[in-house]
Amino acid sequence: MPIQLHVDLQVDLSRTAEIAAVFRDTFVPAIRRQPGFLGVELLKFREARSGSEPGDFTHRLLIRFETEEQRRQWVASEDHQQAWPAIKAVLTGAQYQVNLYDVVGSHGNSQ
């Protein structure tokens, strides 16, 4: 069953271009060569249309793998050991939170 990991990131808004560059130049090349990798996106919070705002979390990584086991293998990989610290270096106080979801339905161009 495919999984999707949501990683909420606390990034100073003055460093938005920097986190986008680290994502593009370091994180994406490392994760895309992993077995079972389906996709990754970096989102920047825009507005709360319903409910509450995400507090200090300004950005979100959406990471998709074919299985949770493949995601865990990515986390244990040397590629991850290089890429994740580059992301953490841009965070305000290295603040992040992680939620794991099973994908139970999908439609469209993205998996």
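The values are calculated or read from the model by the stated rules, or taken from the named source; none is laboratory data. No experiment lies behind these values; they were computed from the predicted model shown. A quick note on method: Cβ atoms are made from the backbone with ideal geometry, for glycine too, and the neighbour counts reach across all protein chains shown.
Kindly check whether there is at least one residue in the range 75-92 that is in contact with a Gly (Cβ under 9 Å, 6 or more places away or on another chain), assigned to a helix (DSSP H, G or I), exposed (fewer than 14 other Cβ atoms within 10 Å of the Cβ) and without any contact (Cβ under 8 Å) to a residue 40 or more places away in the chain.
The answer is no, given that none of the residues of the range 75-92 is in contact with a Gly (Cβ under 9 Å, 6 or more places away or on another chain), assigned to a helix (DSSP H, G or I), exposed (fewer than 14 other Cβ atoms within 10 Å of the Cβ) and without any contact (Cβ under 8 Å) to a residue 40 or more places away in the chain.
Out of (1) touching a residue at least 12 places away in the same chain (Cβ under 8 Å); (2) touching an Asp or Glu at 6+ places or on another chain (Cβ under 9 Å); (3) loosely packed, with under 12 Cβ neighbours inside 10 Å, what's the single condition that is false for H59?
(3)
Taking E66, is it at pLDDT 95 or above, acidic (D, E) and loosely packed, with under 12 Cβ neighbours inside 10 Å?
Spelling it out, it is not the case that E66 is at pLDDT 95 or above, acidic (D, E) and loosely packed, with under 12 Cβ neighbours inside 10 Å.
Residues that are modelled with pLDDT under 95, more than 13 Å from H6 (Cβ to Cβ) and not β-branched (V, I, T): does the range 99-106 have at least one?
So far as the range 99-106 goes, yes, one or more of its residues are modelled with pLDDT under 95, more than 13 Å from H6 (Cβ to Cβ) and not β-branched (V, I, T).
Test R24 against the stated conditions and say whether it is exposed (fewer than 13 other Cβ atoms within 10 Å of the Cβ) and in a loop (DSSP other than H, G, I, E, B).
It is false that R24 is exposed (fewer than 13 other Cβ atoms within 10 Å of the Cβ) and in a loop (DSSP other than H, G, I, E, B).
Here is a check on your reading of the model: is A48 surrounded by fewer than 18 Cβ atoms within 10 Å (Cβ to Cβ), at pLDDT 95 or above, farther than 16 Å from Y96 by Cα and not charged (D, E, K, R)?
No, not satisfied.
Just to be sure, is V40 hydrophobic (A, V, I, L, M, F, W, C), without any contact (Cβ under 8 Å) to a residue 12 or more places away in the chain and not in a loop (DSSP other than H, G, I, E, B)?
no
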